[in-house]
Amino acid sequence: MSQFFSAEFLAWLNRHATEIDQSNQYADELFQRIANEGVFKIGVPENLGGAGGDFEQAIAVVREISTYSLTAGFISWGHRTLIQNLLSSENHAPRERWLADLLVGNLSGGTGLSNAVKFLSGIEELQVKIIEKDGKRYLQGRLPWITNLTAKGFVTIIAAEYENGSHAPIIVALPSNAQGVVRAKELSLVALQGSNTVAVELNHVELDPDWIIANNAEEYLSDVRPTFLGLQCAMAFGLAARSLAEVKKALDYVENRSVLKPEYDVQVQKLADLEQRLAQGLAQGDYFIENPKALFNIRIEIVDVVAQSLLLELQASGGRGYLQNAGSDFIRRWREGAFLPVVTPSALQLKTILQAA
């Protein structure tokens, strides 16, 4: 029995998980079905139209859906992170304008802060510039990779810096219907294809002051990084948990698999420890803001747990796992797992930051 999702939705997701992974056919329907489950309201205050509860429940939602489909987990991460970004802003105008539609899926939300997170860590320049002309400000640039931006309408959040360096970089919530915003065709991905992952071009987009989430990008990004990475870790938790559950089935019902039991126990314990470390850090308020390295380590270590769990699943399933149409979803999970080391900030980028520190 699912804590968050209806049996009907999960049956649909199970039927279409492979197609969702490999094509855009169900991308918009997937997002709307998730929204219809009401899960984007979890962890959002009731006075803002949400269902109440805490942020740890939002992490649990992303974790659970990722056990069925990492594509579903990925778009849930992007949408819920965007919602959290709006909730974390002192400027109420963006959430008053868009939050109600985001909570029910009338608009999709995606975070364009991957570039900004790398900027905060000193490993990449910001890709959007602010050009001042005749008393107005314009956004110019290109973001090559943002997830969950449906063609029917979206809001994304980006960081931008002044071309002349006159002010500190800012954070902006950007609507798709603004003149000069161009959504490119979906990227061709190895997996997670049904995630509406696209590039966005900004061609002389006049900046509305009400879009500004924060006037100090560095300070804001530092504050929201724990929720950004916390929800991202939840995707990996879900995939690892599902892979280990498949190993457990083989250990229980297939002969000659007991040799895998010690390594299975190790990975189960590692997963539990990482989930506990994340929960404890988030529960301590500013802990991950003041100790970002602790969060980076969790993000790095869960990538290894996923990889080892998938390798165990392959060994436990044997040749059957490598056959198409054999009733196993292993190959899809293998493709999904290959995404986790490279999603921004990548494991390599985080290791580089830690080494430099």
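The values are calculated or read from the model by the stated rules, or taken from the named source; none is laboratory data. Quick caveat: nothing in here was measured; it's all calculated off a predicted structure. For neighbour counting, all protein chains shown are included, and Cβ atoms are generated from backbone atoms with ideal geometry for every residue, glycine included. Accessible surface is based on the protein model in full, side chains and every heavy atom, while ligands, DNA and RNA are left aside. Shrake-Rupley method; radii C 1.70, N 1.55, O 1.52, S 1.80 Å.
Could you pull out every one of the strands (runs of 3 or more DSSP E) wholly within region 158-235 that has 1 or more residues that are acidic (Asp, Glu)?
Because the criterion is at least 1 residues that are acidic (Asp, Glu), the strands (runs of 3 or more DSSP E) in region 158-235 that meet it are 198-206.
So which residues in region 70-120 are more than 18 Å from Asp210 (Cα to Cα), in contact with a Leu (Cβ under 9 Å, 6 or more places away or on another chain) and of a type in the set (Lys, Arg)?
Within region 70-120, just Arg80 meets the criteria.
Within the group Trp12, Trp77, which residue is more than 28 Å from Gln284 (Cα to Cα) and out of contact with any Phe, Trp or Tyr (no Cβ under 8 Å at 6 or more places or on another chain)?
None of the others qualify; the one that does is Trp12.
For region 99-112, how many residues meet the condition of being open to solvent by 10 Å² or more (accessible area, probe 1.4 Å), out of contact with any Gly (no Cβ under 6 Å at 6 or more places or on another chain) and in a loop (DSSP other than H, G, I, E, B)?
Step one: of region 99-112, the residues open to solvent by 10 Å² or more (accessible area, probe 1.4 Å) are 100-101, 104, 106-107.
Remaining after also requiring out of contact with any Gly (no Cβ under 6 Å at 6 or more places or on another chain): 101, 104, 106.
After this cut, where a residue has to be in a loop (DSSP other than H, G, I, E, B) as well, the list is 106.
Qualifying residue count for the region: 1.
One line per residue, one yes/no per condition, for (1) in contact with a strand residue (DSSP E or B) (Cβ under 9 Å, 6 or more places away or on another chain); (2) of a type in the set (S, T, N, Q); (3) closer than 19 Å to Gln193 by Cβ; (4) modelled with pLDDT of 95 or more:
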| residue | (1), (2), (3), (4) |
| --- | --- |
| Ile298 | no, no, no, yes |
| Val303 | no, no, no, yes |
| Leu314 | no, no, no, no |
| Gln324 | no, yes, yes, no |
| Gly337 | no, no, yes, yes |
| Pro345 | no, no, no, no |
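Report, by residue number, each residue of region 144-157 that is touching a residue at least 60 places away in the same chain (Cβ under 8 Å) and assigned to a strand (DSSP E or B).
Trp145, Ile146, Val155, Thr156, Ile157
Kindly indicate the residue of region 162-209 that is polar (S, T, N, Q) and surrounded by 17 or more Cβ atoms within 10 Å (Cβ to Cβ) and also nearest to Lys133 (Cα to Cα) among those meeting that condition.
Result: Ser176.
Evaluate the following for Glu8: is it touching a helix residue (DSSP H, G or I) at 6+ places or on another chain (Cβ under 9 Å) and open to solvent by 10 Å² or more (accessible area, probe 1.4 Å)?
Details: touching a helix residue (DSSP H, G or I) at 6+ places or on another chain (Cβ under 9 Å): no; open to solvent by 10 Å² or more (accessible area, probe 1.4 Å): yes.
No, not satisfied.
Any residue that is under 16 Å from the mean Cα position of the chain (by Cα), farther than 16 Å from Ala279 by Cβ and open to solvent by less than 10 Å² (accessible area, probe 1.4 Å) - is there at least one of those in region 237-249?
Yes: region 237-249 contains one or more residues that are under 16 Å from the mean Cα position of the chain (by Cα), farther than 16 Å from Ala279 by Cβ and open to solvent by less than 10 Å² (accessible area, probe 1.4 Å).
Of the residues that make up region 52-71, is at least one open to solvent by 50 Å² or more (accessible area, probe 1.4 Å), modelled with pLDDT of 95 or more and of a type in the set (A, V, I, L, M)?
For region 52-71, residues open to solvent by 50 Å² or more (accessible area, probe 1.4 Å), modelled with pLDDT of 95 or more and of a type in the set (A, V, I, L, M): absent.
Please go through region 11-38 and give me each residue that is among the aliphatic types (A, V, I, L, M) and either closer than 16 Å to Ala100 by Cβ or not assigned by the TED database to the domain that holds Glu64 (or both), ordered by number.
Result: Ala35, single match.
Going by the structure shown, is Arg299 in a helix (DSSP H, G or I), in contact (Cβ under 8 Å) with a residue 24 or more places away in the chain and either surrounded by fewer than 20 Cβ atoms within 10 Å (Cβ to Cβ) or touching an Asp or Glu at 6+ places or on another chain (Cβ under 8 Å) (or both)? So that I can check it myself, show each step before the final result.
On the way: in a helix (DSSP H, G or I): yes; in contact (Cβ under 8 Å) with a residue 24 or more places away in the chain: yes; either surrounded by fewer than 20 Cβ atoms within 10 Å (Cβ to Cβ) or touching an Asp or Glu at 6+ places or on another chain (Cβ under 8 Å) (or both): no.
So Arg299 fails the test.
Might you check whether a residue that is under 21 Å from Leu149 (Cα atoms), part of a loop (DSSP other than H, G, I, E, B), among the charged types (D, E, K, R) and not assigned by the TED database to the domain that holds Ile157 occurs anywhere in region 72-95?
Looking through region 72-95, none of the residues is under 21 Å from Leu149 (Cα atoms), part of a loop (DSSP other than H, G, I, E, B), among the charged types (D, E, K, R) and not assigned by the TED database to the domain that holds Ile157.
Test Asp101 against the stated conditions and say whether it is within 26 Å of Ala7 (Cα to Cα), among the acidic types (Asp, Glu) and modelled with pLDDT under 95.
Values: within 26 Å of Ala7 (Cα to Cα): yes; among the acidic types (Asp, Glu): yes; modelled with pLDDT under 95: no.
Spelling it out, it is not the case that Asp101 is within 26 Å of Ala7 (Cα to Cα), among the acidic types (Asp, Glu) and modelled with pLDDT under 95.
Looking for whichever is buried (at least 16 other Cβ atoms within 10 Å of the Cβ) and of a type in the set (Asp, Glu) here; the options are Glu29, Glu90, Glu37, Glu96. Which one fits?
Answer to the check: Glu37.
When you check Asp265 against the structure, is it surrounded by fewer than 18 Cβ atoms within 10 Å (Cβ to Cβ) and closer than 15 Å to Ile302 by Cβ, yes or no?
no
Which of the residues that make up region 1-56 are part of a helix (DSSP H, G or I), over 23 Å from Glu336 (Cα atoms) and in contact with a strand residue (DSSP E or B) (Cβ under 7 Å, 6 or more places away or on another chain)?
Glu46
When you check Ala217 against the structure, is it at pLDDT below 95, buried (at least 21 other Cβ atoms within 10 Å of the Cβ) and of a type in the set (A, V, I, L, M, F, W, C), yes or no?
It is true that Ala217 is at pLDDT below 95, buried (at least 21 other Cβ atoms within 10 Å of the Cβ) and of a type in the set (A, V, I, L, M, F, W, C).
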